[in-house]
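Reviewing the structure listed below.
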Amino acid sequence: MIEEHFTALERAAGRARMAAPVLHAWAVHLAAVLENGGRLLVCGNGGSAAEAQHLTGEFTGRFLQDRKPYAAIPLHADTSAFTAILNDYGEQDVFARGVRAHGRAGDVLVALSTSGRSQNVIAAAKTAHEIGMTTWAFTGPAPNTLAAVCVDAVAVDAPNTATVQEVHLALIHALCAAFDDVTGATGISAADRTAQEEAVR
Ligand SMILES: O=C(CO)[C@@H](O)[C@H](O)[C@H](O)[C@H](O)COP(=O)(O)O
């Protein structure tokens, strides 16, 4: 089973390299949006929720290089709002209402779903589209509904949920690397700079 897992990951990750031009284009667009005060909203369920906040963390914090923070919100992470929306409006609205609350025309929604069938994620993408946001998806194999309702999508061709999630994380990191490249976030990180300064004292 372990060998099979890594073989599936190697194959899917190899195929995912073809997404490089799309990720670069997304990074260019995202840099323009965020530099102009726009926001990145991200949503997903389960493992994809973890990846959603992994992605936003790289923007409000930093990726490999030191740079300024950018506005990025994982839509599941406010547990009070999430549980209230779930309780008062139902599961379908848990992300869509967050999109209406935090999203503005021109902002970007990244929607993650390994199946491409999660109704709450699809509802978020439709809502974002309605209010004039740009919608991108990371999904499992195409065709799927989420990819169809978003402006653009990277669909990972892999046989199971776990492998799709693992490749999604690699794609997320590639997007972050491209974003740093586009925004000129070069140079050493703050932590590395401090270590260097201490080393020469
Ligand atoms: O992490 C896993 C399985 O690896 C699960 O938590 C998984 O994310 C959940 O079943 C999600 O509800 C699946 O949703 P989706 O990726 O199909 O949108």
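The values are calculated or read from the model by the stated rules, or taken from the named source; none is laboratory data. Source: prediction; values computed, not measured. As a convention, Cβ positions derive from the backbone with ideal geometry for all residues, glycine included, and neighbour counts pool all protein chains shown. Side chains are part of the model used for accessible areas, which takes the heavy atoms of the whole protein and leaves out ligands, DNA and RNA. Shrake-Rupley method; radii C 1.70, N 1.55, O 1.52, S 1.80 Å.
Top mean-square fluctuation among HIS29, HIS76, HIS168, Gaussian network model of the chain, C-alpha springs under 10 Å?
Taking springs between Cα atoms under 10 Å, the residue moving most is HIS29.
Take the alpha carbon gyration tensor of segment 115-166, find the square roots of its eigenvalues, order them as a ≥ b ≥ c, and report rounded if a/c is under 1.5; if not, report prolate when a/b exceeds b/c, else oblate. If you can, show how the numbers build up before the last one.
On the way: a/c = 2.55, a/b = 2.08, b/c = 1.23.
Because a/c hits 1.5 or more and a/b exceeds b/c, segment 115-166 counts as prolate.
Amide H neighbours of ALA155 under 5 Å, counting only residues 5+ apart in sequence or on other chains, H built in-plane at 1.01 Å?
THR139
Select from the chain the helices, each a whole stretch of DSSP H, whose alpha-carbon atoms run 30 Å or more along the helix axis and whose Kyte-Doolittle mean is at least -0.5; answer none if there are none.
Working: long enough: 161-183 (33 Å, 0.88).
Both cut-offs are met by 161-183.
Just to be sure I understand the model, the point goes 7 Å from the Cα along the line to the Cβ. What's the resulting GLN92 to ARG17 distance in nm?
4.4
Using alpha carbon centroids, what distance separates segment 127-151 and segment 6-57, in Å?
A separation of 13 Å, based on Cα centres.
Over the chain, what per residue volume does the convex hull of the Cα atoms give, in whole Å³? Intermediate results must be reported in sequence, preceding the final value.
On the way: hull volume 28.1 nm³, N = 201.
Once divided by residue count, the hull of the chain is 140 Å³.
Tell me, what is the percent relative contact order of segment 1-139, built from C-alpha pairs under 8 Å that lie six or more residues apart?
On the way: 197 pairs, mean separation 32.4, N = 139.
Answer for segment 1-139 is 23 percent.
Using a 1.4 Å probe on the protein heavy atoms, what percent of the accessible area of segment 68-166 belongs to carbon and sulfur? Intermediate values should be presented prior to the final figure.
Working: 2270 of 4510 Å².
Taking all protein chains in place, segment 68-166 shows 50 percent carbon and sulfur surface.
Any idea what diffusion coefficient segment 11-104 gets from Stokes-Einstein, in µm²/s, Kirkwood Rh on alpha carbon pairs, 4 °C, 1.567 mPa s?
Details: Rh = 14.8 Å.
Approximately 87 µm²/s, per Stokes-Einstein.
Which loop trypsin sites (Lys or Arg not before Pro) in segment 88-185, with loop taken from DSSP, have no more than 14 other Cβ atoms within 10 angstrom of their Cβ? Don't skip to the answer; put the middle values down first.
On the way: sites: ARG97, ARG100, ARG104, ARG117, LYS126; in loops: ARG104, ARG117.
Filter output for segment 88-185: ARG104, ARG117.
Which residue fluctuates the most in the chain, going by a Gaussian network model with Cα springs under 10 Å, if the choices are ALA178, ALA84, ALA13?
So, out of ALA178, ALA84, ALA13, the one fluctuating most is ALA84.
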